[in-house]
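Peer 1: Sharing a structure, written as structure tokens. Questions coming.
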Amino acid sequence: MRHEKFMQNSLQQKLGKEIEKPPWLRKRLKLTKEIDAINLLINRLSLNTVCQEAMCPNQAERFTKGTATFLIMGKVCTRNCAFCAIKHGIPEQIDLDEPINLAQALLQLHLKYAVVTSVPRDDLPDGGASHFAKTVIEIKRLSLNTKIELLIPDFKGSVDSLNIVIDSRPDVLNHNLETVPSLYSSIRPQADYNRSLQLLKNVKRINPDTITKSGIMLGLGEKENEVIGLFDDLTNANCDILTIGQYL
């Protein structure tokens, strides 16, 4: 991930030598028939996954179990967060067949629960909200038993875009705060803590029945009182679910 690379580069400059990852952190990707099947399906339907694009070290485990977090609207991000390994630059054109292709993939994988996210598309008028909505609609049409979680960007604070997504009625609406406010300038320079927090508040204001979710990373330099303050902010925003993780 980019933050790890940044930290490694900084340490290398100080120590004057290359720093190797410890052996316990290295993982060998073992090819199995389950992994091959998912890769073939993803390639055939021209789909992307966070597992692949973000270089997830748990990719083998996830694919072996027949799960994946799908990445819609291309694999080039308009932002450049320090912790993420997804490419940034000029975004790709939207694939209009992607919603139906993704729905077909979920149907073939027999998934009971699907997580769909995207790169932030600040270049689009609605930030990609309508594409999210079309994806939910197609999944519900083809795979009625699949629960859908959307992990959405902040849409630059647009309530109109948020309404489009909420109207498609995903089962869970997720937007990650990622880290505490004091680290935003270094970790998420193109995002805004209060804007992200307000998005979660707006979801509950627009449709109180929508299950909201957020996530943060630990180990980036945050202080304990800052993390507790973030918990309080999410509680006041009536956020239903919080996940806490860590990039190694």
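The values are calculated or read from the model by the stated rules, or taken from the named source; none is laboratory data. Note that this is a predicted model, so its numbers are computed, not measured. Heads up, the Cβs are rebuilt from the backbone with ideal geometry, glycines too, and the neighbour counts pull from every protein chain shown. To get the accessible areas, we keep the full protein, side chains included, count just its heavy atoms, and leave off ligands, DNA and RNA. Shrake-Rupley method; radii C 1.70, N 1.55, O 1.52, S 1.80 Å.
Peer 1: Which condition number in (1) open to solvent by 70 Å² or more (accessible area, probe 1.4 Å); (2) modelled with pLDDT of 85 or more; (3) under 23 Å from residue 170 (Cα atoms) is the one that residue 106 fails?
Peer 2: The one condition residue 106 does not meet is (1).
Peer 1: Same structure again: Hey, residue 191 hits all of (1) part of a helix (DSSP H, G or I); (2) of a type in the set (Gly, Ala, Ser); (3) at pLDDT below 95 but one; which does it fall short on?
Peer 2: (1)
Peer 1: Could you list all residues from region 212-248 that are surrounded by fewer than 17 Cβ atoms within 10 Å (Cβ to Cβ), part of a strand (DSSP E or B) and modelled with pLDDT of 95 or more?
Peer 2: 215, 241, 242, 243, 244
Peer 1: I'd like the full set of residues that are crowded, with 19+ Cβ neighbours inside 10 Å and closer than 18 Å to residue 161 by Cα, limited to region 175-201.
Peer 2: Hits for region 175-201 are 175, 176, 191, 196, 197, 199, 200.
Peer 1: Let me confirm something: among 159, 172, 165, which residue is among the hydrophobic types (A, V, I, L, M, F, W, C), surrounded by 21 or more Cβ atoms within 10 Å (Cβ to Cβ) and touching a residue at least 12 places away in the same chain (Cβ under 8 Å)?
Peer 2: Working: 159 fails: surrounded by 21 or more Cβ atoms within 10 Å (Cβ to Cβ); 172 fails: surrounded by 21 or more Cβ atoms within 10 Å (Cβ to Cβ).
Only one candidate qualifies: 165.
Peer 1: From the list 200, 150, which residue is more than 29 Å from residue 42 (Cβ to Cβ) and not charged (D, E, K, R)?
Peer 2: It is 200.
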